[in-house]
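Scroll down for the structure; my scribbles are underneath it.
Please treat every number below as a calculation from the coordinates, not as lab data. Computed from a predicted model, the values in this text were never measured in an experiment. We place every Cβ from the backbone using ideal geometry, glycine too, and count neighbours over all the protein chains shown.
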């Protein structure tokens, strides 16, 4: 069953689509940010998966091991996680400011408030 | 010592200066400090470009880690030129900013504004100078996150929603970009752009690389506001503070266009992008749709900043046309227009900044007879507008001339017709503003409006003046653009 062997990639695709759908379909600004986070998380898993070398151990040099997993994607993803946290923080901060300015964080009500004024 | 480390200094100077701005907290000192930083990045960029023009591309190993493993900064004619554009725009915007921000941004937030501005500058310079695909993503996010903050500083509450919308679309774009880079890493095991370019040809036929190409194209397309992906741009430009609009309009999308060119020509190579895949046709179609669609929408806008924002989408269409032709002439036109549009649109948004400063609005109804009361400001608008239309003796003419030449060379008559029609549409939307400003009576009851302060007028005229200067004296810009285009076409495997 080759498809099962790649199950982590299936998880990536499911998370990616679920997150992307949330960003597009939800009108609530906080839910959109959560969706965006899920979307980004799927990419983290994609990177971590690709670092796996068949039969390799954790990349710490020690006797008796000759085959190691690739540590580089993990390091890259640490950076991407920081970026993701910063994006989420900024997005939520904007949502707070929008709530102060409009009194709502529902997209359709915001649009209505802007067209009336 | 300093000369050897110029590529690192280009990015490090504004990066270190940004947190210092927050610590200084005194409005006038922070401004002077930021001005100094922007001017020093300009000096560094100038030195780098002159070095590259005399000795050829230079490579800098960050932290002394050798190239394919460590992060490499690589400066060639193309990104040396881009570095000069970005840093000189920042150096011209800063004198303008001092007066302009006093009316746009609450006083206690001004030091924070300068900090975010410098971070944005860091990100943009970093994107341009780096030779590492993942490092590019990091700088992309530095510049994007700080530009969301900058946009949200606008006075109108719609600035907040505009920044939020940009954040969502920008993050999706950046995430697509990382997915693409990850897939490329899967197939090649390298992140260095030159190394990627060398190793990709062996695996180009795989579906993974095809998927990577798709993700990268759409991701970067979101960032550069390629026609159907431009929805974030008009609101962001309209409601952002004047200075921010000037800076972002003149640099951010241009840098994204550069990334596009870099990935197409240096990494994937012309044969794959333009012969195996029909990207040329797609770019030409989207470029034409952008030119005609966005120009038409621009005609019906009542807010002049929004009108210019739609015009920006159209101008990006012209650059895509140049890239889509995949010939030396087309690429020269694209790179040339990148520079020309940066100075024209920067100048035009500065004019709107002056109007905003004096009137507090940029709605077309408020501009009745403004040409008589702010003669210098509106004269700048007319000259910049002529450039957008593409009248001879302005830079706009030069880039359109080369675009038309490139299109004729390839026999794309439809593209030629589209470029000419786009110029006519530009004439219509520029004329709407000119007509209101010069040929409508000045309202009697309105309070007296004076010319904008000199500290804002001079930077405006510097940018507008360069559109005239480079419209006549074209050897520098065309020479550099042509050299960069040849370099890109040759390097393609």
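Table for the structure above
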| read-out | value |
| --- | --- |
| Cα Rg, Dmax, the range B:73-168, angstrom units | 14.7, 42 |
| Kirkwood Rh in Å, taken over all unlike Cα pairs in the range A:1-45 | 10.8 Å |
| Solvent-free Debye scattering, log10 I(q)/I(0), computed from the Cα coordinates of the range B:1-146 at q = 0.14, 0.16 Å⁻¹ | -0.65, -0.82 |
| Globularity ratio of the protein assembly as shown, using Cα Rg and 2.2 N^0.38 Å | 0.95 |
| Stokes-Einstein D in µm²/s, Kirkwood radius over Cα pairs - the range B:339-493 at 20 °C with 1.002 mPa s viscosity | 126 µm²/s |
| C-alpha center-to-center spacing [the range B:280-294, the range B:88-137] in angstrom | 30 Å |
| Choice from A:20, A:39, A:65 showing the highest fluctuation, given a GNM over chain A with Cα pairs closer than 10 Å | A:65 |
| Relative contact order, percent, chain B [alpha-carbon distance under 8 Å, six or more residues apart] | 15 percent |
| The range B:451-478 and the range B:8-44: distance between their alpha carbon centers, rounded to Å | 24 Å |
| Fluctuation leader among A:21, A:47, A:68 - chain A, Gaussian network, Cα springs under 10 angstrom | A:68 |
| DSSP bridge pairs, the protein assembly as shown: antiparallel proportion in percent, nearest 5 | 90 percent |
| Residue mean of other protein chain beta carbons inside 10 Å, B:130-137 | 2 |
| Longest to shortest principal axis, alpha-carbon extents of chain B, angstrom | 73, 56, 42 |
| Relative contact order, percent, the range B:339-493 [alpha-carbon distance under 8 Å, six or more residues apart] | 38 percent |
| Mean Cα-pair separation over length for the range A:2-116, i.e. relative contact order, pairs under 8 Å, 6 or more apart, % | 24 percent |
| Per-residue [θ]222 nm for chain B (sum of -39500 (n - 2.57) over DSSP H runs n ≥ 4, rounded to 500) | -26000 deg cm²/dmol |
| Taking only Cα atoms of chain A, radius of gyration then Dmax in Å | 20.0, 72 |
| Rg and Dmax [Cα atoms of the range B:314-408; Å; Rg one decimal, Dmax integer] | 15.7, 47 |
| Calculated P(r) tail over 11 Å for the range B:61-108, as whole % of Cα pairs | 75 percent |
| Counting all C-alpha pairs of the range B:17-75, share separated by more than 19 Å (%) | 54 percent |
| Cα centroid of the range B:190-251 to Cα centroid of the range A:47-117, whole Å | 19 Å |
